[in-house]
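To start, the structure under review is shown below, and the notes come after it.
The values are calculated or read from the model by the stated rules, or taken from the named source; none is laboratory data. All values reported here derive from a predicted model rather than from experimental measurement. Ideal geometry is used to build each Cβ from the backbone, glycine not excepted, and the neighbour counts take in all protein chains shown.
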Amino acid sequence: MKLKEQWHCGSRWTRPHHRITFFAFFGVVFVALFGLRGVGVASEATSFSSQPEDRFCEKNRNWMKSLPDSRRLSDLALPGTHDTCATRNGVSFGFAKCQSWKLEDQLRAGVRFLDIRCKHIEDEFHIYHGVIDQKTKFKEVVATCQKFLKQQPGECIVMSVMEEGAGRDNGRSFLDTFRDEIQSSESMWVYTSAVPRLGEVRGKVVLVDRVGSLKGFPWSQLEKQDDYQAKIDKKKGLIREWYTRAVKDAGQRWFINYCSGTLPRELVTPKKYAAETNEVALELLRASKSETPARGIFVYDFPSEVLIQTTIDANPRSEEEPKGENRPK
């Protein structure tokens, strides 16, 4: 085949190894030309350390235990991570890695929303970010959550599951593989289309279904802000807007506010992006008041201990339900 045909033939370009070769070549050129532009600088709201401090984890491993059973999950401020298991860059030159802490450490540090992305290969789920294999399997994610909740039965985990890219070499559906891989932990999972109260789901994983067939809480029912390729100034405005909307809401709707993003054309990696946007979330959460507390899931790349702690501290501890402008009297 002629060179021109090799570059423009769609069936060849869509093969993963051709895409990786292309990006690897131009990635080298970009890094050489632009140096550290995409490298984030750690700030008060971001952390690129390999793990959180043990004393911090000891404090937050069971932070939900002190919250009232009557509280709806939609009334809580939940710290979460985007592409939770994306801890490897591979050949992405900084664009695949979104977290520095492994899953076990995230849970111990207080993270309670997990964004899990599964590539379906040979009837198994492998964790990927785009075309980058994160060298982790979904079964390992399940086992880690199961172990954590056994040790901390007063906590709950909200887990979003989505299919990452097209599967290959499978003899069964995504749903069938999901059922098989959670078989040993079936009692741990909560399937609901209504927002549960905390007392109903302690020691459980609340499934958020981004596939459409898993019977979990429908992704479409979440009030989402996830403009992941917005210019940074626009993204900051969106984070503020979604924060305000969630505070004013009656708590009947469940808000999720992604603070993560990336701008590949401008060589702004997730690290660089998070260093800017996490600061906005920290500012908003620090201003939270007990009479109008922060609400919703806050999803971060590279969150710092300070940011996680401030998200946790935004939750009122009293039995009285948080107020809202639209809450039914």
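For this structure, a couple of remarks:
Residue by residue, here is whether (1) surrounded by 13 or more Cβ atoms within 10 Å (Cβ to Cβ); (2) within 27 Å of S193 (Cα to Cα); (3) in contact with a helix residue (DSSP H, G or I) (Cβ under 6 Å, 6 or more places away or on another chain); (4) at pLDDT below 95 holds:
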{"site": "G27", "(1), (2), (3), (4)": "yes, no, no, yes"}
{"site": "L36", "(1), (2), (3), (4)": "no, no, no, yes"}
{"site": "K65", "(1), (2), (3), (4)": "no, yes, no, no"}
{"site": "A86", "(1), (2), (3), (4)": "yes, no, no, no"}
{"site": "K97", "(1), (2), (3), (4)": "yes, no, no, no"}
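- Every pair of residues 6+ apart whose Cβ atoms lie under 8 Å, when the first sits in the stretch 232-252 and is closer than 26 Å to V268 by Cβ and modelled with pLDDT of 95 or more while the second is hydroxyl-bearing (S, T, Y) and surrounded by 14 or more Cβ atoms within 10 Å (Cβ to Cβ): I232/Y273; I232/T277; K235/Y273; K235/T277; K236/T277; I239/T277
- Residue list for the stretch 114-125, filter: closer than 30 Å to W63 by Cα and either basic (K, R) or surrounded by fewer than 22 Cβ atoms within 10 Å (Cβ to Cβ) (or both): R117
- Residues considered: S173, S193. Of these, the only one that is surrounded by fewer than 16 Cβ atoms within 10 Å (Cβ to Cβ) and either touching a Pro at 6+ places or on another chain (Cβ under 8 Å) or without any contact (Cβ under 8 Å) to a residue 12 or more places away in the chain (or both) is S193.
- The residues on offer are I239, I256, and the sole one that is β-branched (V, I, T) and farther than 27 Å from P68 by Cα is I239.
- Subset of the stretch 212-225 (residues that are crowded, with 18+ Cβ neighbours inside 10 Å and more than 25 Å from R71 (Cα to Cα)): L214
- Looking across the stretch 236-276 at every residue that is in contact with a strand residue (DSSP E or B) (Cβ under 9 Å, 6 or more places away or on another chain) and surrounded by fewer than 19 Cβ atoms within 10 Å (Cβ to Cβ), the one that is farthest from S43 (Cα to Cα) is identified as Q252.
- Residue within the stretch 136-155 that is hydrophobic (A, V, I, L, M, F, W, C), at pLDDT 95 or above and assigned to a loop (DSSP other than H, G, I, E, B) present: no
- Test: E305 is surrounded by 14 or more Cβ atoms within 10 Å (Cβ to Cβ), modelled with pLDDT of 95 or more, out of contact with any Leu (no Cβ under 6 Å at 6 or more places or on another chain) and of a type outside the set (K, R): yes
- Residue selected from the stretch 126-163 under the condition of a type in the set (D, E) and surrounded by fewer than 21 Cβ atoms within 10 Å (Cβ to Cβ), by the criterion farthest from Q183 (Cα to Cα): D133
- F174 being within 22 Å of F298 (Cα to Cα) and not polar (S, T, N, Q): no
- Residues being assigned to a loop (DSSP other than H, G, I, E, B) and in contact with a strand residue (DSSP E or B) (Cβ under 7 Å, 6 or more places away or on another chain) - total across the stretch 51-88: 10
- Residues in the stretch 200-250 that are out of contact with any helix residue (DSSP H, G or I) (no Cβ under 8 Å at 6 or more places or on another chain), charged (D, E, K, R), in a loop (DSSP other than H, G, I, E, B) and within 19 Å of I157 (Cα to Cα): K215 only.
- Residue ID - nearest to L76 (Cα to Cα), chosen from residues in the stretch 176-201 that are in contact with a Phe, Trp or Tyr (Cβ under 9 Å, 6 or more places away or on another chain) and of a type outside the set (V, I, T): P196
- Out of C57, C85, sole residue that is farther than 16 Å from T310 by Cα and hydrophobic (A, V, I, L, M, F, W, C): C85
- Selected residue (only one of V91, V111 is touching a residue at least 40 places away in the same chain (Cβ under 8 Å), surrounded by fewer than 20 Cβ atoms within 10 Å (Cβ to Cβ) and part of a loop (DSSP other than H, G, I, E, B)): V91
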